[in-house]
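Presented below is the structure to which this report refers.
The values are calculated or read from the model by the stated rules, or taken from the named source; none is laboratory data. Just so you know, these numbers come straight off a predicted model, no measurement behind them. Counting neighbours? That spans all protein chains shown, and the Cβs are built from the backbone with ideal geometry, glycine included. What goes into the accessible areas is simple: the full protein's heavy atoms, side chains included, and nothing from ligands, DNA or RNA. Shrake-Rupley method; radii C 1.70, N 1.55, O 1.52, S 1.80 Å.
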Amino acid sequence: MLEVYEVFGQKASGEPHMHVGSVLAGDRELAYVLAKECFARREEYVSLWVVARRHVRKTSPEDAQMIPHTTDRRYRLGEGYRISVERWRALQARRRAEAAARDGAEP
Amino acid sequence: MTGRGGPLRHVLLSLADDELVLGHRDSEWTAFAPFIEEDVALASIAQDELSHAAVYLRLLAEAEPDAPEDERDPDRLTFLRGPEAFRNARLLERPNGDWAYTCVRHLAYDLFDDLRLKALARSGYRPLAEAVDRLAREERYHLVHGRTWLARLGEAEGEARERLALAVGAVMADAPGLFEESPEDELAVAAGIVPAGPAALAAPWAEAMRAELAPIGLADRVPPPETLVRDARGDGPKGPLGGRRGRHTDDLSALLSALGEVYRSDPRASW
Amino acid sequence: MAQTEVERTEAEDPRLREFEARIERGEKIEADDWMPEEYRRQCLRLILTHANSEIMGALPEGEWITRAPTLHRKLAVLAKVQDEIGHAQLIYRVAEDLAQPYGKTREDFIEDLVAGRAKFHNVFSYPAPTWADVGVIAWLVDGAALVTQSSLLETSYGPYARILKRICAEEAIHLKHGEDIVLTLAGGTEAQRAMLQGALDRWWRPLLHFFGPPDEVSPNTARAMRWRIRLKSNEEMRQQFLSRYVPKIWGMGFTVPDPGLRRDEATGRWEYSDPDWDEFWRVVKGDGPLTAKRLALRRLSHEEGRWVREALARPKAAA
């Protein structure tokens, strides 16, 4: 019985393996041997992985609804901290004002 | 929103406080969950619950623009209110206990919240109906997460099974608190804010809970709906009821004193 | 370290020459590739210290999740501690694959950690008694960690280099979160400003210690550099840290507790008073102010979670 194997390829040393497609084969060894020419005959890869599709837990359309977060997550992102620039400016203004007050108070 | 403030406020605070208190409890697990991957997952659920509380509190601020700051600012509502002003069910303020209790309580609550959000999608108060659609997507993960855990712990034998059975018993004893009615609920129904009071959710919840527990042989632990809405033990210091009317256990007082520790040291300061 | 039989044999191994040539060409080494025993051991030590530090690093700030003073801060501290745990997840997985020939699993690593047999960064043995400590930790401890971790982005061990990209990106956000807390306190009430100065005073010495003592040129270090496991010396990283943060602290109108700290305008190098390296050695050997207490906390949660891990590992009995 032939089954589907998902193929992952690494384009250069140190890079992650990315999904590149799939092949039909009767077992994992043959899937690997066939994947080499199906995917690496023109594109350059330095490593390939194959895994039987039945071992992959995929996202159903229903699951897909729950994957993205839908409420405010700015506290996790750089944009949640743009206000720091204003805090810095306000602090500098305050320091200048305090310094001016000190100077003014000196005889 | 004059005239609507009472019941709307009650509905929004019940929603916000359930999420806030449970999110706080979840956050207590951070760095201490049974293993690392789960630690990450539960910390996200905690963030969802806390973010949802913030969404409800902002709805309240928008609904009552003329209310004093202490009664409408989300941070002031979170950090300065005393326990008598909280409207969460008592189930959610109980300490975390073990991992089995945490999982069962979460699933029990998530099933309830799922039904509540479905009902609120038909709320006559538009801002609320619009918000719940967004929140329900994140809540869906909580359901899937809780369900998967319950099944795994239920399939295991020995200690896991014993702890799970104890946890189901403890959670079911407090479940009536989720369906507790208060005088504002009738007004909320009349004003079209909610299609029905919380007691109406007891029967579908019991059915959903039984369906989750049936595969692991614990469905008989779910109280019948009539018991859920007419619990004889009432709101004594240990009982399940009182939360929706601001009568809480010492567990909530302890939680709130930690929650407000820094903010209350100077409520006028910027933090 | 005495050369083992394996290492002597390896020195004559033609695979060693090929391995070093690969590193020379800038190639990355993968978990299944042949590597000298000493390379595996050194990588594993570095990576495990990092993993242990992430999980121990969750504790000082974790104590403040329940007490953070605004909803935004509460979410941000929670998310940050979650990220640290998430980093431990990534790093322990890399360590586990690397330790496969030794048959060691994550469970073993954690057992080693909670039994006090493993190393983690000195800074996580110190108390965080005020809210300002949360800001200083997220700004300066994470700032120090970012200096170290960025220096490792080009490390020769591929799996570690890959996860470090994500870890560094997340640390950069933690830093902003910490800096925002610090700036808020710096611009706040007198009590808030005093709280911030107190936290800076408390953390300064552990921060100087963070990078380790100036390196001696040991054969181990030389090899770690040649094999591109590490790429910068301790002192280089400490200097980078000082250049980046001291001017900011001074610019905010705050001080660090070292009257001898100054930048030599001619060389651009920072001079600092001797930070008591004995204290550093005591702390990393397990005798820091809170080392025992925090390890006990980790041990407790490890033990309390054991039944859960066992329940998941055991397949369902045949129905």
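Tabulated values for the structure
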item: Subset of region B:150-180 [of a type in the set (A, V, I, L, M, F, W, C) and more than 14 Å from chain C (Cβ to nearest Cβ)]; result: B:168, B:170, B:171, B:172, B:173, B:175, B:178, B:179
item: All positions within region B:134-192 that are among the basic types (Lys, Arg) and more than 15 Å from residue B:111 (Cβ to Cβ); result: B:134, B:137, B:152, B:161, B:163
item: Matching residues, region B:100-157, being assigned to a loop (DSSP other than H, G, I, E, B) and free of Cβ contacts under 8 Å to residues at least 60 places away in the same chain; result: B:121, B:156, B:157
item: Criterion: within 14 Å of chain B (Cβ to nearest Cβ) and touching a helix residue (DSSP H, G or I) at 6+ places or on another chain (Cβ under 9 Å) - qualifying residue of C:111, C:171, C:154; result: C:111
item: Residue under evaluation residue C:282, criteria (1) more than 23 Å from residue C:137 (Cα to Cα); (2) open to solvent by 70 Å² or more (accessible area, probe 1.4 Å), criterion not met; result: (1)
item: Given (1) exposed (fewer than 13 other Cβ atoms within 10 Å of the Cβ); (2) within 14 Å of another protein chain (Cβ to nearest Cβ); (3) in a helix (DSSP H, G or I); (4) at pLDDT below 95, number of the condition residue C:303 does not satisfy; result: (4)
item: Lone qualifier among B:88, B:96 - being within 15 Å of the chain's Cα centre (by Cα), at pLDDT 95 or above, within 13 Å of chain C (Cβ to nearest Cβ) and part of a loop (DSSP other than H, G, I, E, B); result: B:96
item: Residue B:189, sole failed condition from (1) closer than 30 Å to residue C:307 by Cα; (2) of a type in the set (A, V, I, L, M, F, W, C); (3) without any contact (Cβ under 8 Å) to a residue 12 or more places away in the chain; result: (1)
item: Considering residues of region B:132-155 that are of a type in the set (A, V, I, L, M, F, W, C) and open to solvent by 10 Å² or more (accessible area, probe 1.4 Å) only, the residue nearest to residue B:193 (Cα to Cα); result: B:136
item: Criterion violated by residue C:67 - all others in (1) surrounded by fewer than 24 Cβ atoms within 10 Å (Cβ to Cβ); (2) of a type outside the set (Asp, Glu); (3) away from chain B (no Cβ under 14 Å); (4) touching a residue at least 60 places away in the same chain (Cβ under 8 Å) satisfied; result: (3)
item: Helices (runs of 4 or more DSSP H) wholly inside region C:152-240 that include at least 2 residues being farther than 30 Å from residue B:269 by Cα and open to solvent by 40 Å² or more (accessible area, probe 1.4 Å); result: C:158-186, C:219-226
item: Residue check for residue C:34: open to solvent by 50 Å² or more (accessible area, probe 1.4 Å), of a type in the set (Phe, Trp, Tyr) and more than 14 Å from chain A (Cβ to nearest Cβ); result: yes
item: Complete set of residues in region B:30-41 that are of a type outside the set (Gly, Ala, Ser) and more than 9 Å from chain C (Cβ to nearest Cβ); result: none
item: Odd one out for residue B:20 among (1) more than 10 Å from chain C (Cβ to nearest Cβ); (2) of a type outside the set (Gly, Ala, Ser); (3) in contact (Cβ under 8 Å) with a residue 40 or more places away in the chain; result: (1)
item: Candidates C:84, C:27 - the one that is buried (at least 23 other Cβ atoms within 10 Å of the Cβ), within 14 Å of chain A (Cβ to nearest Cβ) and of a type in the set (Asp, Glu); result: C:84
item: Residue match in region A:38-48 (condition: in a strand (DSSP E or B) and touching a strand residue (DSSP E or B) at 6+ places or on another chain (Cβ under 8 Å)); result: yes
item: Residue check for residue A:57: basic (Lys, Arg) and not in a helix (DSSP H, G or I); result: yes
item: Unmet requirement for residue C:316, which otherwise passes all of (1) modelled with pLDDT under 95; (2) under 28 Å from residue C:59 (Cβ atoms); (3) not polar (S, T, N, Q); result: (2)
item: Any chance residue A:51 is touching a residue at least 24 places away in the same chain (Cβ under 8 Å) and touching a Cys at 6+ places or on another chain (Cβ under 8 Å); result: no
item: Top-ranked residue of region B:13-40 - restricted to ones that are part of a helix (DSSP H, G or I) and hydroxyl-bearing (Ser, Thr, Tyr), ranked as nearest to residue C:81 (Cα to Cα); result: B:27
item: Residue list for region A:63-91, filter: modelled with pLDDT of 90 or more, part of a helix (DSSP H, G or I) and more than 8 Å from every other protein chain (Cβ to nearest Cβ); result: A:64, A:74, A:85, A:86, A:89
item: Close pairs (6 angstrom Cβ cut-off, 6 or more residues apart or separate chains): within 15 Å of residue C:37 (Cβ to Cβ) in region C:99-115, outside any loop (DSSP other than H, G, I, E, B) and open to solvent by less than 50 Å² (accessible area, probe 1.4 Å) anywhere; result: C:99/C:44
item: Residue ID - farthest from residue C:189 (Cα to Cα), chosen from residues in region C:121-134 that are within 14 Å of chain B (Cβ to nearest Cβ) and in a loop (DSSP other than H, G, I, E, B); result: C:128
item: Exclusive hit being crowded, with 24+ Cβ neighbours inside 10 Å and of a type outside the set (Lys, Arg), set C:147, C:136, C:114; result: C:136
item: Among (1) open to solvent by 60 Å² or more (accessible area, probe 1.4 Å); (2) part of a helix (DSSP H, G or I); (3) within 25 Å of residue C:142 (Cβ to Cβ) - the single one residue C:295 does not satisfy; result: (1)
item: Contacts under 7 angstrom Cβ, first residue in region B:37-55 being on the phi < 0 side of the Ramachandran plot, partner among the acidic types (Asp, Glu) and open to solvent by 10 Å² or more (accessible area, probe 1.4 Å), 6 or more apart; result: B:51/A:72
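Conditions tested, residue by residue: (1) out of contact with any Pro (no Cβ under 8 Å at 6 or more places or on another chain); (2) open to solvent by less than 10 Å² (accessible area, probe 1.4 Å).
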position: B:22; (1), (2): yes, yes
position: B:25; (1), (2): no, no
position: B:50; (1), (2): yes, yes
position: B:69; (1), (2): yes, no
position: B:80; (1), (2): no, no
